[in-house]
Every structure is written in structure tokens, then in C-alpha cells.
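What follows is a short report on a single structure.
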Amino acid sequence: KKAAEEPAQAPVEDEAPSPEPEAEAAGDATIEATAEDSRRLCETANELLRLTGLDARTREAGLNGRYVHLELDGADVAYLIGKRGEVLNALQYLLNTIAGSGRQGGARVVLDGQQYRLRREKVLRKLATDIADQVKERGEEAVLDALPAFERRIVHQALSEVEGVTTYSEGEEPNRRVVIAPEQ
């Protein structure tokens, strides 16, 4: 198996983000986030940000099914994105843990800043197709670096219609990886 490296930085794009967070569990599809959920989660995020001392705040960016989209604004947003989005993902996880405590009716948070999630999705899609081409050419599997669930889903979706390769995930969280394999 060959390990595939991810690019260190994503190119900047001018489109709005459209992330799809971790898969919804069975029965959760009927949950719809409300304007009240959005307001509360935004207030909670802003209180957490205030405690950091960084120049950053969130604003409501929309609702999509059970998801409340929040956008980070301020001079220190880059610090809250972190390397490969690690800080952003951790803050999103924390907000979703708070949301899951029952106070927000089952709504989930998608937190973004500087359109990082859209840029990351484009990088992952390109990486996936480039590696799929190499897998078809060489006839050998490739194993990507460990990715969070919603990023693994982007890779699986990007390659779902590509002829000649198949994908699956292996390993345990947080070290779960996507394997791109030639079709037999």
C-alpha cells in the first residue's frame, strides 16, 4: 500500500461553502434546525470566542435541514482554522457537543471561516481524483492520511462515479483512513 500525502494548503476560491458534516443517524433526518437554534448556537459560540481573547465572533449564515451554519469573522479567524482545519473542527465538535446536550433541539453546527470548508472540499476532490488516476495506472491501492468523517465522505462521493476504482475506510477513529483501490 502506498501512503498518499495531502497538500499542505488549499487554494483560495470565491464561492460559498457547502459542507456536509458527519452522516445523520437513522431517524434524525426529520430534525429541522430553527431560527431559535441558530440564535442560541451563535450566542454560545460567541461566548466561547469571547473567553479565548481572540478577535473573532460568529454570525448566523443559514439553516439547512438539521444544520445551523455559522461563519467566523474577525482578525484572528486564521488562528481558529488552524493547520488543516484542526482547530475549526475541534471548535465545531465542541459546539455540537453543546448542541447535543438537548438545549438546541438536536440541531447540528457547521462552523466555517474564510470559506475554509469549500476550499478544503475542492482540495480533497482533486486529491481523490488524482490518486484514483494513479491507482488505475499502477493497479495498486493508495491509502490517504487520516481524515475526519465528513472529509472521508467527500472523498467517497468524489470517486463514487469514477470507473475503475473503489473506496472504503479502514482503521479506528481518529486514525480512520480512506483506501482507494483498483476494481477487480
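The values are calculated or read from the model by the stated rules, or taken from the named source; none is laboratory data. Owing to the predicted nature of the structure, the values given are computational and were not obtained by experimental measurement. Glycine also receives a Cβ, built like all others from the backbone with ideal geometry; neighbour counts cover every protein chain displayed. Note: areas computed on protein heavy atoms with side chains; ligands, DNA, RNA excluded. Shrake-Rupley method; radii C 1.70, N 1.55, O 1.52, S 1.80 Å.
General observations
- Amide H to amide H distances under 5 Å link Gly113 with Leu72, where only residues 5 or more positions off or on other chains count and H is placed in the peptide plane.
- Distance in nm between pseudo-label sites at Ala35 and Asp73 (7 Å out along the Cβ direction from Cα): 1.8 nm
- For segment 130-145, putting each phi into the Karplus relation 6.51 cos²θ - 1.76 cosθ + 1.60 with θ = phi - 60° gives couplings of 4, 5, 4, 4, 5, 4, 5, 5, 8, x, 10, 5, 10, 10, 7, 4 Hz, in residue order, rounded to whole numbers and with x for Gly and Pro.
- Remark on Arg108: its backbone amide H falls under 5 Å from those of Tyr67, Val68, a criterion applied only to residues 5 or more positions apart or on other chains, H modelled at 1.01 Å from N.
- All Cα-Cα distances of segment 30-143, cut into 10 Å bins from zero to the largest, leave 14, 39, 25, 14, 8, 0 percent in each bin in turn.
- Förster-model FRET efficiency, 30 Å R0, Gln134 and Lys83, C-beta, rounded to 0.05: 0.75
- Per residue, the accessible area of segment 65-108 comes to 45 Å², computed with a 1.4 Å probe over protein heavy atoms only.
- Å² per residue, accessible surface of segment 138-184 at 1.4 Å: 53 Å²
- Each residue was assigned an accessible area with a 1.4 Å probe, and for Tyr168 the value is about 80 Å².
- Approximating the spin labels as points 7 Å out from Cα along Cα→Cβ, the Tyr93-to-Glu173 distance works out to 0.8 nm.
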